[in-house]
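Read through the structure below, which is laid out as structure tokens, and then see the notes.
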Amino acid sequence: MELWDAETLTKIKDFGEVKVGGFQDIQISNDNLFIGCIGDNRTLNILEKNSEFLLKRYENTSAFTFSLDNQTILVYSFTNSKDKQSNVISLDSFDTLYQFHKFGSFFRINKEKQIFTIGYEPSLGSKMVLLSNRWDSIISVNKPASANGFNQISYYNNSINIKLENIEFIDELFVIDILGKKLFTMSEITPVNNEVSIPLVLPSGNYLIKIVSSGKEYSSKFIVTR
């Protein structure tokens, strides 16, 4: 494995033979201290860039990324089709800081430590999602059609945050679970800057927001994951 300068096309370093088979992904941390590489054997090797010392090896790995602040690495691993998980790991101690399931076939971390990933929910299908820097809240990046009256629904810090389109007054609002049970009801709401926030503690699951306004009904699904 060799490291080359992308601008001058000159070789910077020769790491010699790295026994990982063909490469699936290679990344360098933003502080240039670490190199990560995944081979065809699904093994992730974390190397110290200058010394070439192998710091950590993760088996059964298909995706990873370094955080922009160089503090963590996100590793997606699996042992079988039913046991898939993503781990936020400290680059200092290599301890797992947080672990979550369902998401992780592809991901990147932005400067706010938010995680963009591909998720799958049977009732909604595959979609791009954004996990907050608390790593236990979720926002749908898919924008619902404006005909639904909803621009975006997010759940963060035990609050449902709704952005609306062309709805100036809400006669009734309902939060409904997957079994059709009404969990929350509110009447006569005036959105502020087309937004409504509802403090409500919800467990992980699929939910429906239903709004009645000027004789018309609008509804949209959202997901809570913890």
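The values are calculated or read from the model by the stated rules, or taken from the named source; none is laboratory data. Note that the structure is predicted; figures quoted are calculated from it, not measured. When we count neighbours, we look across all protein chains shown, and the Cβ atoms used for this are built from the backbone with ideal geometry, even at glycine.
Observations on the model:
- Close Cβ contacts (under 9 Å, 6 or more residues apart or on different chains) running from residues in the stretch 29-52 that are of a type in the set (K, R) to residues that are in a loop (DSSP other than H, G, I, E, B) comprise R42/E59; R42/N60; K49/S29; K49/N32; K49/L33.
- Which numbered condition K82 misses (of (1) farther than 30 Å from V196 by Cα; (2) modelled with pLDDT of 65 or more): (2)
- Picking from residues in the stretch 175-202 that are assigned to a loop (DSSP other than H, G, I, E, B) and hydrophobic (A, V, I, L, M, F, W, C), the one that is nearest to the chain's Cα centre (by Cα) is L202.
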